[in-house]
Amino acid sequence: MSGVRLEVQWSPVHPDKFITWGTDIYLYEVASLKDSPKLPLSSKVSDTTAANLLATNSNHRYVKCIDIYPQPEPDILLALGQANGKVVLTTFGPTAFDALGLTGKELVPRHARQCNTVQWNPVDSNLLAAGLDKYRAEHSVILWDVLKCPLHGDGRNAPSVSLQHHAASPGAELARPLAEFGLSETTHSLAWFNSQPRSLVIGMNNKHLKLVDFRDSIKVSNSTPTKAVYGLVVDPNNDHQLASFVENQISVWDTRNFEKPVLTLSQSRPVTKVLWCPTRHNLLGSLLRDSAVIHLHDIQHTVCANDEVEPSVLERSVHPGSANNITSFSWHPTHENRLLTIALTGNITDYVVFERITLNWSPCSHIVWTHGRRTLKLIKDKDAVYNCINDISVRLKRRALSDYGLKTELWQNGDLAEEESLKNLWYWLYLSRSLVEDGSIRGVERRHPGVRFVLKMDGSQINGSVIGKSEMKSEPWADLGNSVNTTRIYRSEDREKALQLCGWKFDKESALNSFLDRLETEGSYARAAAIAVFNMKLRKAIEILNQGAVSQNKQSLPSNLNIVAMALSGFSDDRSSMWRELCLASRSQLSEPYLRATFAFLTAEADNYENVLNESGVAVEDRVAFACTFLSDSKLHEYLKHLTVKLTEEGDLAGILLTGTSIEGVHLLQRYLDVTGDVQSVSLLAMRAFPPELLQDSSVQTWIASYRTLLDAWHLWNQRAHFDIVLSASCPNDKPPQQVFVSCNFCGKSISAQMQGLNRNRSAYARLGATSQKLKMSSCPQCRKPLPRCAICLVHMGTPSGLQNNNSTNSNGRSAAASNKMAEFSSWFTWCQSCRHGGHAAHMTHWFREHSECPVTACTCRCLSLDAASKVASIITHKV
């Protein structure tokens, strides 16, 4: 069988049956693996299906082409085209076609030549067309009516005219064809049209494609010169669209414009087969010689201004199964995008082509995508699978609903943040502002200064030197009782400010003890012990570790704190002691970073504290505070500069401790946004902490605009309004532009803009300070057209857009014109956003207390039900 080309074809009317052929013809039935028993002649064709061999037909040799009878019958009838030109009708064993005399019927041409193609008519199923090789003075296209042709060797129904005997079957009387075409030509391929049951497209002589009408008289309705005459197929979803091929070129044709192909697809190898997908519009599959993949060509038709432009094509390839040499494939007639392939080795694969999906991800965390032609699939943020996406917008929306970032106290916003880095940053902002406001940090203009700013390292360098010098002191280890054991520390007023920003405000020993007690309460025993050691309190550190070991043992937690405490108790400042040597060797085996930093500090030589400062597991504020205590001015400057760059590149929010609310802080937040996508936090942090000049930075403005858009997309109008209010308070000099105003329905000019410039004191006594009557306006000041009437009182609306401008002087001598007061709410313009009917606010409020529909006659709009504020009010009323 290896020398014979293997073919496969789905039955057009049996959804679970297909045939394969080479030397023999096999009939298979596809069944589910879990629903069908394992049969001896069954083979797995996919992960879910198996093909069971039902029957074999070995009675025919030299089969060149096959087509399956297209009408829904229980059995399968085949038309076989053979190398000698015969077309034989056959089945797999006894069938209902035997009684009709169709089984075994032979349709024989006058002269023997190869049959290249055979096709049943999809509408008039008794018609069968055969395409043959060239023979002099003979036609190459023969149309048979199988119900009118006699059986081979039976002359009872033969025509009365005498026909020439077939050379291959002496003594057999030949059946007369219904029609013939193509005198002295070769037919390489042909295909029926689905909507024109007597019309064929024929590829002939390596020269032409011809559209032939067989109805009354045979005529060629259209033709075009081309060499692409092989593998003709008509699109089952569009009768005007054809496809054919020659060598390594595929041509797509439109019968309405048949002069040239509408699309030519060049391939890397010679083409062996093309087929239109019956369940997917404009999808053409192709197979190349010695190929392991099926190529798919998705033809895209575009119409611009009622003119159809040249189609484009999206190409991709699919690899069904593990076969290396596919010889044929067949689309399933009804199952969407399903196909069968057969390889040179005989392996059959049942494969479903997955579409290029169209995906939409809504702002409300709904993902919808196409699944085939008829199905849309949807998952929501409440579905378990959605958690795998790790969509940050879900957290952002949850925070927004809890007024994250809008709480009065900064630390309250930290309680709403899930991430520890965000929580710590909000707490630090509260701390820094408190230190500035209570005078603990003086001489700074910023509400949230960073460590580099208070150390005058924030761009305040002259020739590389740091402004301001620190005083070096030798701090003894009081617990050792030996004045020889001292450590150098550095002190200055600026360093004290930096330590306060780091949370190390230990001006008194009681403050240090309170801080350490709080850490113990939180269970941070290692950190508390490390900070005690950094403050030269070795005995206190040992007590903390012992207490931590006892606490963890009570909770049945593994602990080595008591062993560490024993190691600390043997501390010796002797550079050559065994304790120092063993600690250096064992320090890296400690899992707790604060304990590693502790022993790195105790074993440091020549004030080299790199192992402490580069311990990434130690909090940034503790490392900075350590540096401010034990590093000289030059080393401190270099370390803080390097640490700032590193934290900014990582987008680590802990770096705000160093940058403060400066332009460097903007760059750090931008990097944080790039890493996390948390536009909400960067916008709120900037709004609550940055000075007005930094809020005008282009990056900050982009964050704010993006977050506003996000709130609008979520329909969180109240949160958006509160956000804008807080933002306006942060920039009191920047008044937002007016967004809503009343305009005339005729000329379109703003009525409110006109009224804001009018003087309300129009009476004769205005110059004496007397109060005038309120100006009423019932027409447009530009075109003088009347304003709309109130739907309740039917009086023309008349209000100066809610602004009462009063130029009189009050009892304190201040001009009331300096502050605009809102007019009485009862006279405001109000209207429904749906039906556009409205009136005075007081009248509409009174109406909707008893009604839900619009007060205008014949208007059925239920205005009240559209108002979110009314729903809230009704809930409150119900609770009361």
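The values are calculated or read from the model by the stated rules, or taken from the named source; none is laboratory data. Bear in mind the structure is a predicted one, so any value in this text is a computation, not a measurement. Glycine gets a Cβ as well: all are built from the backbone with ideal geometry, and neighbour counts include every protein chain shown. Protein only, heavy atoms only, side chains kept; ligands, DNA and RNA dropped before computing areas. Shrake-Rupley method; radii C 1.70, N 1.55, O 1.52, S 1.80 Å.
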Counting only residues that are over 14 Å from F354 (Cα atoms), open to solvent by 30 Å² or more (accessible area, probe 1.4 Å) and at pLDDT 90 or above, how many does the stretch 291-311 have? 1
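Rundown of residues vs (1) within 23 Å of the chain's Cα centre (by Cα); (2) in a loop (DSSP other than H, G, I, E, B); (3) modelled with pLDDT of 90 or more, yes/no style:
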| residue | (1), (2), (3) |
| --- | --- |
| V313 | no, no, yes |
| R316 | yes, no, yes |
| N324 | no, yes, no |
| T334 | no, yes, yes |
| L340 | no, no, yes |
| D350 | no, no, yes |
| E355 | yes, yes, no |
| V368 | yes, no, yes |
| A400 | yes, no, yes |
Matching residues, the stretch 402-425, being touching a residue at least 60 places away in the same chain (Cβ under 8 Å) and either closer than 20 Å to W361 by Cα or part of a helix (DSSP H, G or I) (or both): L410, N413, S421, L422, N424, L425
Filtered residue count, the stretch 71-90, keeping only those that are open to solvent by 30 Å² or more (accessible area, probe 1.4 Å) and either charged (D, E, K, R) or in contact (Cβ under 8 Å) with a residue 24 or more places away in the chain (or both): 6
Residues in the stretch 374-399 that are without any contact (Cβ under 8 Å) to a residue 24 or more places away in the chain and small (G, A, S) total 1
Within the stretch 393-413, restricting attention to residues that are among the aliphatic types (A, V, I, L, M) and more than 19 Å from G677 (Cα to Cα), which residue is most open to solvent (accessible area, probe 1.4 Å)? L406
Quick one: in the stretch 357-366, of everything that is more than 28 Å from S291 (Cβ to Cβ) and part of a loop (DSSP other than H, G, I, E, B), which residue is least open to solvent (accessible area, probe 1.4 Å)? S365
So is V63 crowded, with 20+ Cβ neighbours inside 10 Å and under 42 Å from the mean Cα position of the chain (by Cα) or not? no
Being among the charged types (D, E, K, R), more than 22 Å from W426 (Cα to Cα) and in contact with a helix residue (DSSP H, G or I) (Cβ under 6 Å, 6 or more places away or on another chain) narrows it down to one of E610, E605, E615, E638, so name that one. E615
From G468, G439, G443, grab the single residue that is open to solvent by 60 Å² or more (accessible area, probe 1.4 Å), modelled with pLDDT under 90, over 28 Å from N390 (Cα atoms) and among the small types (G, A, S). G443
Residues that are surrounded by 20 or more Cβ atoms within 10 Å (Cβ to Cβ) and either touching a Lys or Arg at 6+ places or on another chain (Cβ under 7 Å) or in contact (Cβ under 8 Å) with a residue 60 or more places away in the chain (or both), drawn from the stretch 91-108: E106, L107, V108
Return yes when V212 is in contact (Cβ under 8 Å) with a residue 40 or more places away in the chain and over 46 Å from the mean Cα position of the chain (by Cα) and no when it is not. yes
Residues that are of a type in the set (D, E) and in contact with a Lys or Arg (Cβ under 9 Å, 6 or more places away or on another chain): find the helices (runs of 4 or more DSSP H) completely inside the stretch 659-699 holding 1 or more of those. 663-676
Mind counting the residues in the stretch 242-253 that are within 18 Å of P197 (Cβ to Cβ) and open to solvent by 10 Å² or more (accessible area, probe 1.4 Å)? 0
Is it the case that T49 is open to solvent by 30 Å² or more (accessible area, probe 1.4 Å) and under 19 Å from S328 (Cβ atoms)? no
Residue that is basic (K, R) and touching a Gly at 6+ places or on another chain (Cβ under 9 Å), where the choices are R539, R596, R527, R518: R596
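Report whether or not S730 is at pLDDT below 90 and closer than 23 Å to T659 by Cβ.
yes
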Using beta carbons and a limit of 7 Å, which pairs, at least six apart or on different chains, have the first residue in the stretch 853-864 and without any contact (Cβ under 8 Å) to a residue 24 or more places away in the chain and of a type in the set (D, E) and the second one open to solvent by 100 Å² or more (accessible area, probe 1.4 Å) and assigned to a loop (DSSP other than H, G, I, E, B)? E853/T860; E853/R862
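It is to be established whether one or more residues within the stretch 639-656 are of a type in the set (A, V, I, L, M), farther than 19 Å from S421 by Cβ and more than 38 Å from the chain's Cα centre (by Cα). Spell out the reasoning first.
Quick first cut of the stretch 639-656, residues of a type in the set (A, V, I, L, M) only: 640, 643, 645, 647, 653-654, 656.
In the following step, the residues that additionally are farther than 19 Å from S421 by Cβ were identified as 640.
Still in the list and also more than 38 Å from the chain's Cα centre (by Cα): 640.
Looking through the stretch 639-656, at least one residue is of a type in the set (A, V, I, L, M), farther than 19 Å from S421 by Cβ and more than 38 Å from the chain's Cα centre (by Cα).
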Residues within the stretch 15-28 that are without any contact (Cβ under 8 Å) to a residue 40 or more places away in the chain and open to solvent by 60 Å² or more (accessible area, probe 1.4 Å), tallied: 0
Filtering the stretch 176-217 down to residues that are farther than 25 Å from E106 by Cβ, in contact with an Asp or Glu (Cβ under 8 Å, 6 or more places away or on another chain) and among the small types (G, A, S) yields S195, S199
Taking the stretch 412-423 as the region of interest, how many residues are farther than 17 Å from E650 by Cα and at pLDDT 90 or above? 7
Take R836 and decide whether it is at positive phi, at pLDDT 75 or above and surrounded by 12 or more Cβ atoms within 10 Å (Cβ to Cβ). yes
How many residues are touching a residue at least 40 places away in the same chain (Cβ under 8 Å) and either surrounded by fewer than 20 Cβ atoms within 10 Å (Cβ to Cβ) or in a strand (DSSP E or B) (or both) if we restrict to the stretch 259-278? 10
Out of the residues in the stretch 700-741 meeting the condition of being assigned to a helix (DSSP H, G or I) and of a type in the set (S, T, N, Q), tell me which one is surrounded by the most Cβ atoms within 10 Å (Cβ to Cβ). Q719
Hey, any hits in the stretch 564-575 for a residue that's within 30 Å of S434 (Cβ to Cβ), touching a residue at least 12 places away in the same chain (Cβ under 8 Å) and in contact with a Leu (Cβ under 9 Å, 6 or more places away or on another chain)? no
Which of the following residues is modelled with pLDDT under 80, of a type outside the set (A, V, I, L, M) and open to solvent by less than 60 Å² (accessible area, probe 1.4 Å): N485, N513? N485
For the stretch 486-528, how many residues are in contact with a helix residue (DSSP H, G or I) (Cβ under 9 Å, 6 or more places away or on another chain), part of a helix (DSSP H, G or I) and under 25 Å from N562 (Cα atoms)? 12
